[in-house]
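Report on one structure; see the data block that follows.
Derivation of every value follows stated rules applied to the coordinates shown; laboratory data play no part. Predicted model, so just to flag it, every value in this text is computed and none were measured. As a convention, Cβ positions derive from the backbone with ideal geometry for all residues, glycine included, and neighbour counts pool all protein chains shown.
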Amino acid sequence: MKVLVIGLGGVTNGGKTTLAEKLKKMLPNCDIISQDDFFKPESEVETDERGFKLYDVLDALYMDEMVKSIHNWMNSRTCSAVVTEEPQNTRESVKNTEDVYILIVEGFLLYNYEPLNELWNRRYFLTLPYEECKRRRRTNMHERVNRTERQFKSLPANQQSLLPQFLPHLDKIRKCIDHNQEILHTIVNDCVHMFENKEYGEDGRGKITPASTFDMDKLKSTLKQFVRDWSEEGKPERDSCYQPIISEIVKNFPKERWDFSKVNILVPGAGLGRLAWEIAMLGYACQGNEWSLFMLFSSNFVLNRCSEVNSCKLYPWIHQFSNNRRSADQIRPIYFPDVDPHSLPSGSNFSMTAGDFQEIYSECNTWDCIATCFFIDTAHNVIDYIDTIWKILKPGGIWINVGPLLYHFENLANELSIELSYEDIKNVILQYGFHIEVEKESVLSTYTVNELSMMKYYYECVLFVVRKPE
């Protein structure tokens with residue numbers, strides 16, 4: 001008896017799983033080990049600076065367990081020999097051997113992990129032409145649904161008969177996915193002329209790469225941002241974290257003493273722009289800043305292309321297969337925008353900038369107010385944020401903050417991350433010279449919460465207002 005271990009790597013959406021399953025049906029004594037089965041739980045997967053999960057790195061996988069599973073499979077064949085021929089002789093060896101056991105190992109990071117490279121008898125890497133890659137990107141979201149359908153159909157017939165609405169529900173999810181894709185195409189197509197100072201690299205245009213798991217995670221998160229910022233369903237969440245900031249702005253810059261149009265307010269980490277828009281709606285001169293292209297593309301669409309209330313529809317919860325009380329909850333739509341973004345008062349001064357907060361804003365004594373919401377924990381080093389805010393605030397200006405301290409670079413390999421307690425941050429703020437005027441340490445809030453989910457996360461946020469001395 002001999003064992004043949006085959007590696008099947010390649011780009012995401014390249015057909016690795018499909019090919020492996022077809023080969024298993026065609027070849028006797030063939031088994032499959034999939035890299036996707038070794039992903040760590042979501043709570044153990046690292047996040048980037050915006051809180052998006054980093055699934056496309058080795059640290060997101062239990063790679064040592066994967067190697068162990070391959071060895072266990074090899075040992076379980078009770079084989080006395082492992083195929084060790086040179087690649088050019090392997091085919092002939094298999095042809096002439098009746099008892100050959102084949103293991104196909106498939107995954108997109110197989111060849112990045114050195115211990116695996118010692119096990120291959122053969123290894124292949126699948127690539128895709130441009131147009132085919134583009135087509136498969138459009139169907140990426142269907143893969144999760146297809147897997148659920150395959151698993152359901154593997155159940156005994158009598159168990160399947162207990163759930164006659166299960167497969168029709170999956171068809172409804174597919175229709176929701178297609179609808180979301182149409183909206184996303186519209187959003188992306190509208191961004192061609194979005195930046196006045198755009199530059200392309202020499203080979204920047206006309207290329208497309210497969211959507212990574214990392215990209216898809218960002219996309220799913222962005223869909224939920226539409227709920228948070230521009231839907232009626234997101235209003236309770238906005239009220240919990242945006243309204244305290246707005247109230248402090250109005251209290252510190254009352255219309256009896258200030259010309260609102262001359263009060264310059266900056267909102268770093270503006271997301272889809274609702275907080276900055278609400279501030280501008282009151283008449284203040286407000287600028288939102290955001291660096292994520294996912295957020296910038298989406299905010300551009302809402303702010304510049306959506307003029308009718310609730311004229312657009314998305315299905316933000318279709319990727320949540322757990323903690324649903326009812327099947328209908330998973331496919332319920334949200335409508336946006338819940339207000340007309342073009343209804344700003346005549347002469348309003350509202351803008352959005354793209355880029356890194358610390359790089360863009362360097363001019364001293366510029367802003368009357370800086371409002372940060374769920375932002376300061378996105379820093380590699382929060383002291384750098386404090387330093388920038390101190391410099392760009394005018395003497396007498398205020399900094400209003402609401403948010404937790406879920407540091408986004410924590411535990412990321414090769415990334416600087418200084419995780420300070422709120423006590424430490426407060427001490428640094430005071431040492432810079434700020435005066436604390438308001439401080440509340442238990443402002444309860446959520447972040448892109450699914451109100452109908454059986455599981456919700458709540459943050460006990462810190463609210464503070466500090467002033468730079470005159």
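I need the GluC sites (Glu not before Pro) found in region 351-460, filtered to DSSP loop residues with at most 15 other beta carbons within 10 Å of theirs.
On the way: sites: Glu359, Glu363, Glu410, Glu415, Glu419, Glu423, Glu437, Glu439, Glu441, Glu451, Glu460; in loops: Glu363, Glu410, Glu415, Glu419, Glu451.
For GluC sites (Glu not before Pro) across region 351-460 that sit outside H, G, I, E and B with at most 15 neighbouring Cβ atoms in 10 Å, the list reads Glu363, Glu410, Glu415, Glu419, Glu451.
Within straight-line reach of Lys391, meaning a Cα separation under 20 Å, sit the following lysines at least 8 residues removed in sequence or on another chain: Lys262, Lys426, Lys468. Of Cys306, Tyr242, Val465, which is farthest on the positive side of the dipole of the chain, counting Cα position, with +1 on Lys and Arg Cβ, -1 on Asp and Glu Cβ, and the Cα centre as origin? The listed residue farthest towards the positive side: Cys306. The charge dipole of the chain, taken about its Cα centre with unit charges on the Cβ atoms of Lys, Arg (+1), Asp and Glu (-1) only, comes to about 1780 debye.
In this structure, the amide hydrogen of Gly397, modeled 1.01 Å from its nitrogen in the peptide plane, lies closer than 5 angstrom to those of Lys468, counting only residues at least 5 positions away or on a different chain. Working note: Karplus 6.51/-1.76/1.60 with θ = phi - 60° gives region 344-358 the couplings 4, x, 4, x, 4, 10, 10, 8, 10, 10, 10, x, 6, 3, 6 Hz, where Gly and Pro are set to x. Each residue in Cys286, Cys191, Cys373, Cys364 was given a count of other beta-carbon atoms within 10 angstrom of its own, and listing them fewest first yields Cys364, Cys191, Cys373, Cys286. What pairs in Lys235/Lys394; Lys394/Lys456; Lys40/Lys153; Lys24/Lys153; Lys68/Lys153 have C-alpha atoms more than 28 Å from each other? Pairs exceeding 28 Å: Lys235/Lys394; Lys394/Lys456; Lys68/Lys153. Within straight-line reach of Lys175, meaning a Cα separation under 16 Å, sit the following lysines at least 8 residues removed in sequence or on another chain: Lys313. If the Kirkwood radius is taken over C-alpha pairs of the chain, then at 4 °C and 1.567 mPa s the Stokes-Einstein diffusion coefficient equals 51 µm²/s.
May I ask you to sort Tyr242, Tyr432, Tyr459 by Cβ crowding, counting other Cβ atoms within 10 Å and putting the fewest first?
Values: Tyr242 23, Tyr432 15, Tyr459 19.
Going from sparsest to densest Cβ surroundings: Tyr432, Tyr459, Tyr242.
Counted by neighbouring Cβ atoms within 10 Å, the residues Lys468, Lys153 run from fewest to most as Lys153, Lys468. Dipole of the chain computed with +1 at Lys/Arg Cβ and -1 at Asp/Glu Cβ about the Cα centre; of Ala157, Thr378, Val3, farthest Cα towards the positive end is Ala157.
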